[in-house]
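Participant: One structure coming up, written as structure tokens, with questions to follow.
The values are calculated or read from the model by the stated rules, or taken from the named source; none is laboratory data. In this text the structure is predicted, and so the values were computed from the model without any measurement. Glycine also receives a Cβ, built like all others from the backbone with ideal geometry; neighbour counts cover every protein chain displayed.
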Amino acid sequence: MERLQNLREEAQQGGGAKRIEAQHAKGKLTARERIELLFDPGSFEELGQMVTHRSTLFGLENQRYLGDGVVTGYGRIEGRTVYAYAQDFTVLGGSLAEAHAEKICRILDLAVQNGCPVIGLNDSGGARIQEGVVSLGGYADIFYRNTRASGVIPQLSLILGPCAGGAVYSPALTDFIGMVEGSSYMFVTGPNVVKTVTHEEVSSEDLGGASAHATKSGVTHFTYANERAAIEGYKNLLRYLPQNCEDGVPNLDYTPSDEARPRLDTIIPASAQQPYDMCEVIEDLVDAESFFEVHAAFAENIVVGFARLAGRSIGVVANQPAYLAGVLDIHASTKAGRFVRFCDAFNIPLLVLEDVPGFLPGTDQEWNGIITHGAKLLYAFAEATVPRITVITRKAYGGAYDVMNSKHIGADMNYAWPTAEIAVMGAKGAAEIIFKKDILEASNPAAMWAEKEAEYAEAFAHPYRAAARGYVDEVIAPHQTREKLIRAFAMLENKVAHNPKRKHGNIPL
């Protein structure tokens, strides 16, 4: 018993006091401190605490590191069972090798078998060079399990230090990635390699820091000021997610009250050219302080995130007129498409708020594949079988009308505000094309153009023609929207839908 206690103490001490102090000096917590913050007090059960590394070459002779640089186990977060692994940078730089990888693989296997979320706390110097190809094989073993678990259980990754080379692909295969500003970074090749190959000088932070991946690449979904905030943020994220793909998100208690939201009646500007903030619409529609935005700093022309509506967890996808007029472009399509597929995989109903003038034009978009990327969002909505409701607040033009969860691609309910304009394009552009000859031959072309624009707007710049065809279920006053949504989602709660039998579809990647 005494030997067992000594071994446990040795394992928990990790890399020793000096390396722990160095970790703290950088403003970072140790792996065990992170685990302690993540789980309910006293609930974490460690697995593989006494596993040791297997290499005895190149400086590792006569060395023994219990745990092999990663803490693995399970516990409870707000009463729910969750699996986790935390790489320990104080032990061999948190480098990954055979035993290290086996511990992570075991956690992923257990999480899938028992239908529970898994959280990876990444802080590693990469593959352990002393173990050669065994380290590379360990990464591949993890990637394989990440892929098999995709859509089965929620997989969450927090980057709390370096994550480079092959290590980046495990987080990339998970559902959400979070990073800490100033202390975490991700890249396939580091600054030194970049300089050697391209002669470009760049810092680790600029190349793969939290800000770069939150705003430029879109690799990370969340950024946090420090590790404590990151861990609390992920505990909050879990509240919106089910345990697995066959489970539902627990509903919170909700007491119905006056659901009218009068402010929404005045939120749309008088001019169709004026922007407004769709986040204000979202905040008025969902339960108070329940909106949890995802990918907030990336592709800001579309807003995605989780919220609660009368206590139910829902996913929200909304065009943002305050940024690029809410157009769909490459990044917005990819961002929203991935979020839609996550919600569909985990039985989270979708609310779509639509104000879209179309797809962003230009050679940059066309040459970089807006056709393929826009099709991702179209595919994601068309494939989804969860309850889906759309509210058209203003513009719904062209192909973007179809893509943004129209009735034609399987939406369950579509509402429109009286300010909605559902047409092939805006009245001004349409009039210029349809009445080009009349405008050119008129004695006052500007006046004729304005007249024909008004004529087209009278015919199409409203929701009633679409409602007459059944493409819109009801034209509603904005202040009624929340009540309508609560009733509609309750009606759709037991929706059953099945896609055709197949191995899998071929989404346009």
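Participant: Under 27 Å from P418 (Cα atoms), among the small types (G, A, S), outside any loop (DSSP other than H, G, I, E, B) and touching a residue at least 40 places away in the same chain (Cβ under 8 Å): which single residue out of A322, A272, A318, A260 fits that description?
Facilitator: Just a single option satisfies the conditions, and that option is A318.
Participant: Let me ask something else. State which residue pairs qualify: first residue of a type in the set (K, R) and inside the range 151-171, second residue surrounded by fewer than 22 Cβ atoms within 10 Å (Cβ to Cβ) in any location, beta carbons under 8 Å apart, and separation of 6 or more residues or different chains.
Facilitator: That search, which allows pairs on different chains as well, returns nothing.
Participant: Same structure again: Hey, among the residues in the range 386-443 that are among the basic types (K, R) and within 27 Å of H498 (Cα to Cα), which one's modelled with the lowest pLDDT?
Facilitator: K407
Participant: Check off (1) surrounded by fewer than 21 Cβ atoms within 10 Å (Cβ to Cβ); (2) in contact with a strand residue (DSSP E or B) (Cβ under 7 Å, 6 or more places away or on another chain); (3) among the charged types (D, E, K, R) for R338 and give me the number that stays unchecked.
Facilitator: (2)
Participant: In this structure, does F187 turn out to be free of Cβ contacts under 8 Å to residues at least 60 places away in the same chain, crowded, with 22+ Cβ neighbours inside 10 Å and among the aromatic types (F, W, Y)?
Facilitator: yes
Participant: What's the number of the condition K216 fails, among (1) more than 20 Å from the chain's Cα centre (by Cα); (2) surrounded by fewer than 19 Cβ atoms within 10 Å (Cβ to Cβ); (3) farther than 23 Å from I77 by Cα?
Facilitator: Just one mismatch for K216, condition (1).
Participant: Still on this structure, I have one more. From the list E227, E205, which residue is closer than 30 Å to A31 by Cβ, assigned by TED's automatic domain parsing to the domain that holds S157, in contact (Cβ under 8 Å) with a residue 40 or more places away in the chain and acidic (D, E)?
Facilitator: Exactly one of E227, E205 is closer than 30 Å to A31 by Cβ, assigned by TED's automatic domain parsing to the domain that holds S157, in contact (Cβ under 8 Å) with a residue 40 or more places away in the chain and acidic (D, E), namely E227.
Participant: Name the residue, out of I119, I104, I153, that is in contact with a helix residue (DSSP H, G or I) (Cβ under 7 Å, 6 or more places away or on another chain), part of a helix (DSSP H, G or I) and outside the structural domain of V340 (by TED's automatic domain parsing).
Facilitator: Result: I104 is the single residue among I119, I104, I153 that is in contact with a helix residue (DSSP H, G or I) (Cβ under 7 Å, 6 or more places away or on another chain), part of a helix (DSSP H, G or I) and outside the structural domain of V340 (by TED's automatic domain parsing).
Participant: Related question: Note down all Cβ pairs under 7 Å where the first residue falls in the range 418-429 and is under 17 Å from A468 (Cα atoms), the second is of a type in the set (K, R), and they're at least six residues apart or on different chains.
Facilitator: From the range 418-429, the pairs are T419/R394; A420/R394; E421/R394; E421/K395.
Participant: All but one of (1) at pLDDT 95 or above; (2) under 27 Å from T266 (Cα atoms); (3) charged (D, E, K, R) hold for K376, so report the exception by its number.
Facilitator: (2)
Participant: Right, here's the next one. Which residue pairs have Cβ atoms closer than 7 Å, lie 6 or more positions apart in sequence or on different chains, and pair a first residue in the range 331-343 that is in a helix (DSSP H, G or I) with a second residue that is surrounded by fewer than 22 Cβ atoms within 10 Å (Cβ to Cβ) and small (G, A, S)?
Facilitator: H331/G218; K335/G218
Participant: Another question, then. For the range 444-471, give me each residue that is buried (at least 16 other Cβ atoms within 10 Å of the Cβ) and either modelled with pLDDT of 95 or more or among the aromatic types (F, W, Y) (or both).
Facilitator: W449, Y456, F460, Y471
Participant: For the structure I just gave you, tell me whether A400 is aliphatic (A, V, I, L, M), closer than 20 Å to A325 by Cβ and part of a helix (DSSP H, G or I).
Facilitator: yes
Participant: Examine the range 359-382 for a residue that is in contact with a Phe, Trp or Tyr (Cβ under 9 Å, 6 or more places away or on another chain), outside any helix (DSSP H, G or I), assigned by TED's automatic domain parsing to the domain that holds A272 and farther than 17 Å from P508 by Cα, and state whether such a residue exists.
Facilitator: No, the conditions are met nowhere in the range 359-382.
Participant: So in the range 1-56, with the set limited to residues that are assigned to a helix (DSSP H, G or I), surrounded by fewer than 13 Cβ atoms within 10 Å (Cβ to Cβ) and hydrophobic (A, V, I, L, M, F, W, C), which one is modelled with the lowest pLDDT?
Facilitator: L4
Participant: Same structure again: For the subset of the range 349-372 comprising residues that are surrounded by 22 or more Cβ atoms within 10 Å (Cβ to Cβ) and in contact with an Asp or Glu (Cβ under 9 Å, 6 or more places away or on another chain), which member is farthest from S271 (Cα to Cα)?
Facilitator: Looking at residues that are surrounded by 22 or more Cβ atoms within 10 Å (Cβ to Cβ) and in contact with an Asp or Glu (Cβ under 9 Å, 6 or more places away or on another chain), I get P349.
Participant: Taking the residues in the range 425-439 that are of a type in the set (A, V, I, L, M, F, W, C) and touching a helix residue (DSSP H, G or I) at 6+ places or on another chain (Cβ under 9 Å) as candidates, determine which candidate is nearest to S271 (Cα to Cα).
Facilitator: A427
Participant: Just one of the numbered conditions (1) over 24 Å from F339 (Cα atoms); (2) of a type in the set (D, E); (3) surrounded by fewer than 17 Cβ atoms within 10 Å (Cβ to Cβ); (4) modelled with pLDDT of 95 or more is not true of D258; which one?
Facilitator: The failed condition is (4).
Participant: Could you tell me whether R338 is within 14 Å of the chain's Cα centre (by Cα) and of a type in the set (K, R)?
Facilitator: Against the criterion (within 14 Å of the chain's Cα centre (by Cα) and of a type in the set (K, R)), R338 qualifies.
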